[in-house]
1. Working only within region 37-48, note down all residues that are surrounded by fewer than 14 Cβ atoms within 10 Å (Cβ to Cβ) and not small (Gly, Ala, Ser).
2. Being modelled with pLDDT of 85 or more, surrounded by 14 or more Cβ atoms within 10 Å (Cβ to Cβ) and either in contact with a Lys or Arg (Cβ under 8 Å, 6 or more places away or on another chain) or not small (Gly, Ala, Ser) (or both) is the requirement here; does Leu93 meet it?
3. Mind checking which residues of region 1-21 are of a type outside the set (S, T, N, Q) and over 17 Å from His78 (Cα atoms)?
4. What residue, among those in region 61-79 that are crowded, with 19+ Cβ neighbours inside 10 Å and under 11 Å from the mean Cα position of the chain (by Cα), is modelled with the lowest pLDDT?
5. Which residue is surrounded by the most Cβ atoms within 10 Å (Cβ to Cβ), if the candidates are limited to region 12-31 and must be in contact with a strand residue (DSSP E or B) (Cβ under 8 Å, 6 or more places away or on another chain) and without any contact (Cβ under 8 Å) to a residue 24 or more places away in the chain?
Amino acid sequence: MATVIRMQRGGRTHAPYYRVVVMDSRKRTRGVEVDVLGVYQPMARPEPKIEIDRQKALEWLYKGAQPSDTARTVLSKHGVMKAYAEGKKPEELAPAVEAEPAATEEAPAEA
């Protein structure tokens, strides 16, 4: 299957957001996506927000998915295209959103 990584628009007038999705290149743009890689919110304040699963994006690039020009720019800003050019494997990438360490509550010592 020929796949492409595209930006799928959502939101309302003057307040767009885009989902970065993997689609079959032979289907229409508003069609059903194969996989969702993340979200790009250009109107977020104080600066645009990019949330992309870098491991999943790299897996799709290695499977042969071709990013559109805009999707390539967003993936470049997130470091996915650099990792792809360097030949890194998806397992070698750190997760995009690092989990905060769980706070361990210790019982107060009773004397």
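The values are calculated or read from the model by the stated rules, or taken from the named source; none is laboratory data. Here the structure is a predicted model, which means the values were calculated and not measured. Using ideal geometry, Cβ is built from the backbone for each residue, glycine included, and neighbour counts are taken over all protein chains shown.
1. Residues of region 37-48 surrounded by fewer than 14 Cβ atoms within 10 Å (Cβ to Cβ): 43-48.
Of everything in region 37-48, those that are surrounded by fewer than 14 Cβ atoms within 10 Å (Cβ to Cβ) and not small (Gly, Ala, Ser) turn out to be Met43, Arg45, Pro46, Glu47, Pro48.
2. On the way: modelled with pLDDT of 85 or more: no; surrounded by 14 or more Cβ atoms within 10 Å (Cβ to Cβ): yes; either in contact with a Lys or Arg (Cβ under 8 Å, 6 or more places away or on another chain) or not small (Gly, Ala, Ser) (or both): yes.
No.
3. Step one: list which residues in region 1-21 are of a type outside the set (S, T, N, Q), which gives 1-2, 4-7, 9-12, 14-21.
Within region 1-21, Met1, Ala2, Val4, Arg9, Gly10, Gly11, Arg12, His14, Ala15, Pro16 qualify.
4. His78
5. Going through region 12-31, the residues in contact with a strand residue (DSSP E or B) (Cβ under 8 Å, 6 or more places away or on another chain) turn out to be 16-25, 29-31.
Then drop every residue that is not without any contact (Cβ under 8 Å) to a residue 24 or more places away in the chain, which leaves 19, 21, 23-24, 29-31.
Numbers: Arg19: 15, Val21: 19, Met23: 21, Asp24: 14, Thr29: 10, Arg30: 9, Gly31: 12.
Applying the filter and picking the extreme gives Met23.
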